[in-house]
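Novice: Provided herewith is a single structure, encoded as structure tokens, for subsequent inquiry.
Just so it is clear, none of the values below were taken in a lab; they were calculated from the coordinates. Being a predicted model, the structure only gives us computed values, none of them experimental. A quick note on method: Cβ atoms are made from the backbone with ideal geometry, for glycine too, and the neighbour counts reach across all protein chains shown.
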Amino acid sequence: MLGFMDLQSLLDDLAREVAPFAAQGKVADYIPALAAVDPTRFGIALAMTDGQLYGSGDWRVPFSIQSVSKAFSLALVLARDGEALWKRVGREPSGNPFNSLVQLEYEKGIPRNPFLNAGALILIDRLLSLTGDSLGTLRDFLRAESGNPTVDIDPEVAASEATHGHRNAALAHFMASCGNLENPVERVLDHYFRQCALTMSCADLAKAGLFLANHGLRADGSRLLTRSEAKRINSIMLTCGTYDAAGDFAYRVGLPGKSGVGGGILAVLPERGVLCVWSPALDPHGNGVAGVEALDRFTTRTGWSIF
């Protein structure tokens, strides 16, 4: 097992080494509120199951978590509703962009997996039905697991998402036309846009995701998921969590991961801990360029992959 100084030195080295990779990417300017983010920012945090926390770069700076939130929504739905979810959404990689309409129409309103935008809308719809407040349920969970009671939405990002969310609205309306939404489209979209606008730091996200490394156990020792459910979420993260580049991510990094177009990537080291990186400059698939490079180098140097 690597010691404290070894891990801290490794993260410091990675933050320094991957900085030039930001020049290969581009911020998500199709969401205007994200277009102003400095593309050279980089943070990396590692939360271990034994309570140790390491970080380097901008690891304490809050950013828009965007689709990283979907991993947590999936966990909350599975914890409350179990296998019933899979009647409404699949578990297969899509091979198409995360906001594709074509595949959804071809498959009659059943999203290919819960991490596509359409699939995430199903998660929010179901969590609304189960709790009455999808966003509030998720926010309370993230505050508790991260230990940060200030986790909240960025209203500017939320407004920007809503103003430019026509494709997501089209996905929701199409699923509603197929009978695959339980709640009004406008309500589902409102919770979706605000969920994507939650802001957290790498440290917050790494700590919040520890239940996925710890077989479903929460920070307070209570059980959110069975071991089997935690395994299944990790497996879907591996195969579907980084949009239509999931195969390349698995090849390079070798960990379950979930990315977001805010530049964050959450990666799970089963039984060891959780890594979170933030690099706003994205590749064409929507994944942070410097972040993927850092995760690749981390697993190569430590040997801590699932393979």
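Novice: What percent do you get for the relative contact order of region 4-302 when only Cα pairs under 8 Å and 6+ apart count? List each step's numbers first, then the result.
Specialist: Values: 627 pairs, mean separation 84.7, N = 299.
Result for region 4-302 is 28 percent.
Novice: Okay, moving on. Given region 77-210 reduced to its alpha-carbon atoms as identical point scatterers, what log10 I(q)/I(0) does the Debye formula return at q = 0.09, 0.18, 0.19 Å⁻¹?
Specialist: -0.26, -1.05, -1.15
Novice: When the chain is fully extended, how far beyond the present Cα-Cα distance does residue 170 get from residue 108, taking 0.36 nm per residue of separation?
Specialist: Net length gain for the segment: 20.9 nm.
Novice: Could you list which residues have their amide H under 5 Å from that of residue 59, counting only those 5 or more apart in sequence or on another chain, with H placed in the peptide plane?
Specialist: HN-HN under 5 Å from residue 59: 44.
Novice: Under 5 Å between amide H atoms, partner at least 5 residues away or on a different chain: which partners does residue 115 have, H built in plane at 1.01 Å?
Specialist: Answer set, sorted by chain and number: none.
Novice: Give me the Kirkwood hydrodynamic radius of the chain, using the inverse of the mean 1/r over all pairs of distinct Cα atoms, in Å to one decimal.
Specialist: 18.8 Å
Novice: Run the numbers for residue 226 and residue 60: contour at 0.36 nm per residue of separation, minus the present Cα-Cα distance, in nm.
Specialist: That works out to 56.7 nm of additional length.
Novice: Any lysines with Cα under 23 Å of the residue 231 Cα? List them, leaving off those in the same chain fewer than 8 positions away.
Specialist: Of all the lysines, those that pass the test against residue 231 - Cα under 23 Å, at least 8 places apart if same chain - are 70, 87, 207, 258.
Novice: OK, next. Pop a pseudo-label 7 angstrom from the Cα along the beta-carbon direction at both residue 248 and residue 30 and give the gap in nm to one decimal.
Specialist: 1.6 nm
Novice: Could you pull out which residues in region 63-87 have an amide N less than 18 Å from a spot 7 Å beyond the Cα of residue 182, following the Cα-Cβ vector?
Specialist: Answer for region 63-87: 73-87.
Novice: Moving on to the next point. Identify unpaired cysteines across the chain, taking unpaired to mean no other cysteine Cβ lies under 4.7 Å from the residue's Cβ.
Specialist: Among the cysteines of the chain, those whose Cβ sits 4.7 Å or more from every other are 178, 196, 240.
Novice: How large is the charge dipole for the chain, taken about the Cα centre, if only the Cβ atoms of Lys, Arg (+1) and Asp, Glu (-1) carry charge, to the nearest 20 debye? Display every interim value, and only then the final one.
Specialist: On the way: 28 positive and 33 negative charges, 132 e Å.
The calculated dipole for the chain is roughly 640 debye.
Novice: Now for a separate question. Please compute P(r) over all alpha-carbon pairs of region 156-246, binned at 10 Å starting from zero, and give each bin as a whole-number percent.
Specialist: Pair shares across the bins are 14, 27, 38, 20, 0.
Novice: Output the peptides 245-253, 94-102 sorted from most to least packed, where packing is the average of other Cβ atoms within 10 Å over each peptide's residues.
Specialist: Sorting 245-253, 94-102 by mean packing, highest first, produces 245-253, 94-102.
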